[in-house]
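Here is the structure we will look at.
The values are calculated or read from the model by the stated rules, or taken from the named source; none is laboratory data. This is a predicted model, so every value here is computed, not measured. All Cβ positions, glycine included, derive from the backbone under ideal geometry; neighbour counts span all protein chains shown. Just the protein is used for accessible areas: all its heavy atoms, side chains included, with ligands, DNA and RNA removed. Shrake-Rupley method; radii C 1.70, N 1.55, O 1.52, S 1.80 Å.
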Amino acid sequence: MPPGSPPPPIDALSLAIARCRICRDCPAGGPQRRMPHEPRPVAYLSSTARVLIAGQAPGLRVHETGIPFNDASGDRLRQWLGVDREVFYDRARFAIAPMGFCFPGYNAEGHDLPPRRECAPHWRQTVMDAMPQVELVLAIGQYAQAWHLGGLRRKTMTETVSHWRDFLLANREGPRVLPLPHPSWRNTGWLKRHPWFEDEVLPVLQREVSLLIG
């Protein structure tokens, strides 16, 4: 790139996201809703990846390291996808953009709070417009499913995931969407109660991903 020339659009957007402090400086709900710690946006955008991993929001370990899914949830997700860390973090193959870019903190019970309310309205459509090559969105959890499926989403996450064929095979504009539960180890009980997910969904997930990442 010649000296003084502007960065490629995807790089400029990534830089703008990294510098974002909207949840600290202009919090939704007023100053009392201000992010209680310094934001650290985490997103891996790509101009070539055909698969987008749309999660919820970074956890504490991701916040500390700046690496998405750099935790036990990520280990399980990589098992689901059938890829190792090297492939998973290859931005030519996977884009990773959660609904909230920053770790939102914990609630009184010590669980992760929902994604910040400022993030998706401010950034999501811009991110999607910047990656028109994406063919498959892996919508992990209810927040990603709400945005990427809109009114097509069912009443519960379980019902939405159980109707995965309706979304993956839908003839619609834009990328196909495959809804997934969160790979958190807290969802181990859910996986045991719904063995159809591993029996039916994971083979299709792995096949689709393999075809798209080459």
About the Cα centre of the chain, how large is the charge dipole given +1 on each Lys and Arg Cβ and -1 on each Asp and Glu Cβ? Please answer in debye to the nearest 20. 440
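Between residue 212 and residue 154, what is the FRET efficiency for a Förster distance of 30 Å, r being their Cβ-Cβ separation, to the nearest 0.05? Don't jump to the answer; show the numbers that get you there.
Details: r = 25 Å, r/R0 = 0.84.
So, using R0 = 30 Å, E works out to roughly 0.75.
For region 1-81, rounded, prolate or oblate, judged on the Cα gyration tensor with a ≥ b ≥ c (square roots of eigenvalues), a/c < 1.5 rounded, else prolate if a/b > b/c? Walk me through the numbers on the way to the answer.
On the way: a/c = 2.23, a/b = 1.03, b/c = 2.16.
Judged from the Cα gyration tensor, region 1-81 comes out oblate (a/c at least 1.5, b/c at or above a/b).
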Where the centre of each part is set by its Cα atoms, how far does region 72-109 sit from region 158-214, in angstrom? 15
Within region 43-153: Cβ-based charge dipole about Cα centre, in debye rounded to nearest 20 (Lys, Arg +1; Asp, Glu -1): 200
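By the scheme Lys and Arg +1, Asp and Glu -1, what is the net charge of all other residues having a beta-carbon under 13 Å from that of residue 25?
Values: positive: 19, 21, 24, 33, 34, 116; negative: 38, 118.
After counting each charged neighbour, the total is +4.
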Environment charge of residue 177, counting only residues whose C-beta is closer than 14 Å and scoring Lys/Arg +1, Asp/Glu -1: +3
Packing-based ranking, highest mean first, of 158-170, 64-76 given that Cβ atoms within 10 Å are counted: 64-76, 158-170
Which of 68, 99, 211, positive extreme of dipole for the chain (C-beta unit charges): 99
Using θ = phi - 60° and Karplus 6.51 cos²θ - 1.76 cosθ + 1.60, couplings along region 26-31 (whole Hz; Gly, Pro as x): 9, x, 5, x, x, x
Classify region 57-98 as rounded, prolate or oblate from the Cα gyration tensor: take a ≥ b ≥ c as the square roots of its eigenvalues, call it rounded if a/c is under 1.5, otherwise prolate when a/b beats b/c and oblate if not. oblate
Please report the accessible area of residue 129 (heavy atoms, 1.4 Å probe, ligands and nucleic acids excluded) in Å², nearest 10. 100
What size of dipole, in debye to the nearest 20, comes out for region 62-114 about its Cα centre when the only charges are +1 on Lys and Arg C-beta atoms and -1 on Asp and Glu C-beta atoms? 240
Considering only 175, 121, 183, give the residue with the highest GNM mean-square fluctuation for the chain, with springs between Cα atoms whenever their separation is below 10 Å. 121
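Take each of the peptides 79-88, 143-152, average the number of other beta-carbon atoms within 10 Å over its residues, and list them starting from the highest. Can you show the working numbers first?
Values: 79-88: 15.1, 143-152: 18.0.
In descending order of packing, they fall as 143-152, 79-88.
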Can you tell me the equivalent ellipsoid semi-axes for region 74-214? Use √(5λ) from the Cα gyration tensor, largest first, whole Å. 21, 20, 17
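If Lys and Arg each add +1 and Asp and Glu each add -1, what is the summed charge of the other residues whose beta carbon sits under 14 Å from the beta carbon of residue 81? The partial results should precede the final answer.
Details: positive: 50, 76, 78, 85, 93, 207; negative: 75, 84, 86, 90, 198, 208.
Local net charge: 0.
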Packing-ranked peptide list from 188-198, 44-54, 16-26, highest mean Cβ count within 10 angstrom first, is 44-54, 16-26, 188-198
